[in-house]
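The values are calculated or read from the model by the stated rules, or taken from the named source; none is laboratory data. Keep in mind the model is a prediction, meaning the values are calculated, not measured. With ideal geometry, Cβ positions are generated from the backbone for all residues, glycine too; neighbour counts draw on all protein chains shown.
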Amino acid sequence: MFPPASRWPAEDLIAVGGDLAPETLVAAYCRGIFPMNVSGIEVLGWWSPNPRGVLPLDGLRVTRSMRQSAKRFEVRVDTCFSEVIRGCADPSRDDGWIDAAFIDAYTTLHRLGWAHSIEVFDRDGQLAGGLYGVRVHGLFAGESMFHRQRDASKVALMALVDLMRESGMQLLDVQWATAHMRSLGVIELTREEYLARLARAVM
């Protein structure tokens, strides 16, 4: 059971413990919460960043080089989820946090139809990058993305935005607005603003 939002602390970390069962994860996303281990103490944490990073579907900044890169790749959806999440979990990446428990949990979510991957392949049929996240009605909660070739993760993000717009989805959550994500058009919302938009998106 998650505490109601009125009892959440002002900090990003709102609870610890629990499990990664599918019903727990879906309930969390519907409430604006996502899991990530707490750095340094190896305990499962539940987070609601304040402020929250969101990419408006009409706000993605697509440069000329990104459009040129997109021509070199083929985009697919949900054809190799396991490869994408393992690419995101590569331990050689800086600040890697996705461990075997998360891989198992989100692979199960994928089998159940909640978690999805956008995959970018080069002309030789090699996986060049991608992203994965969780969809609940009009929400897509982006979890992580990776690239093995330049711009491949950006091409995956472009494809995700297009797919969301085509299907009438409303909210693309990216958790925290890093400098890199801001350069792509990500904005910040207060927790209250985010939860209000979330409520409309998951109706």
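Any idea which of (1) in contact (Cβ under 8 Å) with a residue 12 or more places away in the chain; (2) outside any strand (DSSP E or B); (3) within 22 Å of residue 86 (Cα to Cα) is the one residue 198 doesn't satisfy?
(3)
Can you tell me which residues in the stretch 54-74 are touching a strand residue (DSSP E or B) at 6+ places or on another chain (Cβ under 6 Å) and farther than 28 Å from residue 197 by Cα?
73, 74
Taking into account only those residues within the stretch 1-13 that are within 12 Å of residue 191 (Cα to Cα) and among the hydrophobic types (A, V, I, L, M, F, W, C), which is surrounded by the fewest Cβ atoms within 10 Å (Cβ to Cβ)?
That would be 10.
Enumerate the pairs (first residue in the stretch 158-170 and in the same structural domain as residue 197 (by TED's automatic domain parsing) and on the phi > 0 side of the Ramachandran plot; second residue anywhere and assigned to a loop (DSSP other than H, G, I, E, B) and modelled with pLDDT of 95 or more) with beta-carbon separation below 9 Å, excluding pairs fewer than 6 apart on the same chain, so at least 6 apart or on different chains.
Here the result reads 168/138, each pair linking the stretch 158-170 to a residue that is assigned to a loop (DSSP other than H, G, I, E, B) and modelled with pLDDT of 95 or more.
Count, please, the residues in the stretch 21-44 that happen to be β-branched (Val, Ile, Thr) and either assigned by TED's automatic domain parsing to the domain that holds residue 176 or part of a strand (DSSP E or B) (or both).
Residues that pass the stated criteria total 2.
Got a number for residues in the stretch 158-195 being under 17 Å from residue 117 (Cα atoms), of a type in the set (A, V, I, L, M) and not in a loop (DSSP other than H, G, I, E, B)?
Residues in the stretch 158-195 being under 17 Å from residue 117 (Cα atoms), of a type in the set (A, V, I, L, M) and not in a loop (DSSP other than H, G, I, E, B): 9 in total.
Quick check on the stretch 39-53. Is at least one of its residues among the hydroxyl-bearing types (Ser, Thr, Tyr), modelled with pLDDT of 95 or more and closer than 15 Å to residue 135 by Cα?
No.
Listed here are the residues, each with its yes/no results for (1) out of contact with any His (no Cβ under 9 Å at 6 or more places or on another chain); (2) outside the structural domain of residue 93 (by TED's automatic domain parsing); (3) over 17 Å from residue 166 (Cα atoms); (4) in contact (Cβ under 8 Å) with a residue 40 or more places away in the chain.
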{"residue": "108", "(1), (2), (3), (4)": "yes, no, yes, yes"}
{"residue": "118", "(1), (2), (3), (4)": "yes, no, no, yes"}
{"residue": "124", "(1), (2), (3), (4)": "yes, no, yes, no"}
{"residue": "130", "(1), (2), (3), (4)": "no, no, yes, yes"}
{"residue": "136", "(1), (2), (3), (4)": "yes, no, no, yes"}
{"residue": "139", "(1), (2), (3), (4)": "yes, no, no, yes"}
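For the stretch 126-157, what are the residues that are closer than 23 Å to residue 30 by Cβ and not in a strand (DSSP E or B)?
Within the stretch 126-157, 137, 138 meet the criteria.
In the stretch 171-181, which residues are without any contact (Cβ under 8 Å) to a residue 24 or more places away in the chain and of a type outside the set (A, V, I, L, M, F, W, C)?
180
Among 197, 182, 123, which is the only one that is of a type in the set (D, E, K, R) and within 27 Å of residue 21 (Cβ to Cβ)?
Just one listed residue meets the conditions, 197.
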